[in-house]
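**Student:** First the structure, then my questions, so here it is.
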Amino acid sequence: MTTIIENLKWRYATKGFDTSKELPAADLDYILEAGRMSATSFGLQPFKIVMVTDEAKKQTLMGHAWNQAHVGENSALIILAARTDVDEAMIADYTARIEATRGLPAGAVDGYKDMMVGSLTSRPIEHRTIWAQKQCYIALGTMMMAAAERGVDSCPMEGFSSEGFDEVLGLTAHNLTASVILPVGYHAESDATQHYAKVRRTAEDMIVRM
């Protein structure tokens, strides 16, 4: 069994994928499930995980990512899309699911609901969207580790037009906005970046012990 640290040393930001190698559905589902189960603030999961495998759609999206080949040439393109409608109704839906899942009477977690409503809806809507986008990044890290555990290559990316992705995928109509993307698959043997030595600060330089 490999450790998390070994997986971190193994993975790298893959710039070229081998499109002749198909990613098993079980591995892709494992990565998606890791994103679904990821920790989020309050447990609210204020985002959706959008998976694109349609080759024509990936090519169109590549045009909104400065024609970076690995956006269009991969086994699957995963988009973490933040919700833009973080509001009282969303929170009420979540607390209702808490009560149903845990067999609690209606209203049992109203105090928790009121606390979340007060914390989140007091912020301007654009600040709530930024908060939701931050939750996407927690899930991103979880999915990257799940991919590495299965020996699947990936490349976390911000280098794309959110507006372009939102338009192509019709996200705005669903109160979503593309926040960060993760192409996954198997690296091409021609991808030179696989041979680059990993550059990290030393533990003494990076970790502050107080």
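**Student:** Which translational diffusion coefficient, to the nearest whole µm²/s, is obtained for the chain from the Stokes-Einstein equation, given a Kirkwood hydrodynamic radius over C-alpha pairs, 20 °C and 1.002 mPa s?
**Tutor:** 114
**Student:** Next up: How big is segment 96-210 on each of its three principal axes, counting only the C-alpha atoms and giving the largest first in Å?
**Tutor:** Between the extreme Cα coordinates on each principal axis of segment 96-210 lie 57, 48, 31 Å.
**Student:** In whole Å, how far is the Cα centre of segment 83-109 from that of segment 190-210?
**Tutor:** 42
**Student:** Another one. Roughly what angle does helix 125-149 make with the longest principal axis of the chain, taking Cα atoms, 0 to 90 degrees, to the nearest 10?
**Tutor:** Tilt of helix 125-149: around 50 degrees.
**Student:** Just to verify a number: FRET efficiency for Ser161 and Thr40, C-beta to C-beta distance, R0 = 25 Å, to 0.05?
**Tutor:** So the FRET efficiency works out to roughly 0.50.
**Student:** Each label point is 7 Å from the Cα along the Cα-to-Cβ direction; what then is the distance between the points at Tyr112 and Glu6, in nm?
**Tutor:** With each label point 7 Å from Cα toward Cβ, the separation is 3.7 nm.
**Student:** Against the longest alpha carbon principal axis of the chain, how many degrees, from 0 to 90 and to the nearest 10, is the axis of helix 25-37 turned?
**Tutor:** Orientation of helix 25-37: about 40 degrees from the principal axis.
**Student:** Also, quick follow-up: Taking neighbour counts of Cβ atoms within 10 Å as a proxy for exposure, in what order, fewest first, do Phe47, Phe17 appear?
**Tutor:** Phe17, Phe47
**Student:** Percent of Cα-Cα pairs more than 16 Å apart in segment 143-186, please.
**Tutor:** The proportion of pairs with Cα distances above 16 Å equals 47 percent.
**Student:** Next question, about the same structure. Kirkwood hydrodynamic radius, segment 77-146, all distinct C-alpha pairs: what's the number in Å?
**Tutor:** Evaluated on segment 77-146, it is 13.6 Å.
**Student:** What angle, in degrees between 0 and 90 and rounded to the nearest 10, separates the Cα long axis of helix 110-121 from the longest principal axis of the Cα atoms of the chain?
**Tutor:** Here the helix axis deviates by roughly 60 degrees.
**Student:** Taking a quarter of the surface of the convex hull around the Cα atoms of segment 1-98, what do you get in nm²?
**Tutor:** Reported value for the Cα convex hull: 9.0 nm².
**Student:** Can you find, among Ile181, Asn7, Leu77, the residue farthest towards the positive end of the dipole of the chain? Put +1 on the C-beta of Lys and Arg, -1 on that of Asp and Glu.
**Tutor:** Sorting the options by dipole projection puts first Asn7.
**Student:** DSSP beta bridges in the chain, what fraction antiparallel, as a percent rounded to 5?
**Tutor:** Close to 95 percent.
FYI, it's all coordinate maths here, none of it is from the lab. Bear in mind that the values here come from a model prediction, so they are computed numbers and not experimental data. A quick note on method: Cβ atoms are made from the backbone with ideal geometry, for glycine too, and the neighbour counts reach across all protein chains shown.
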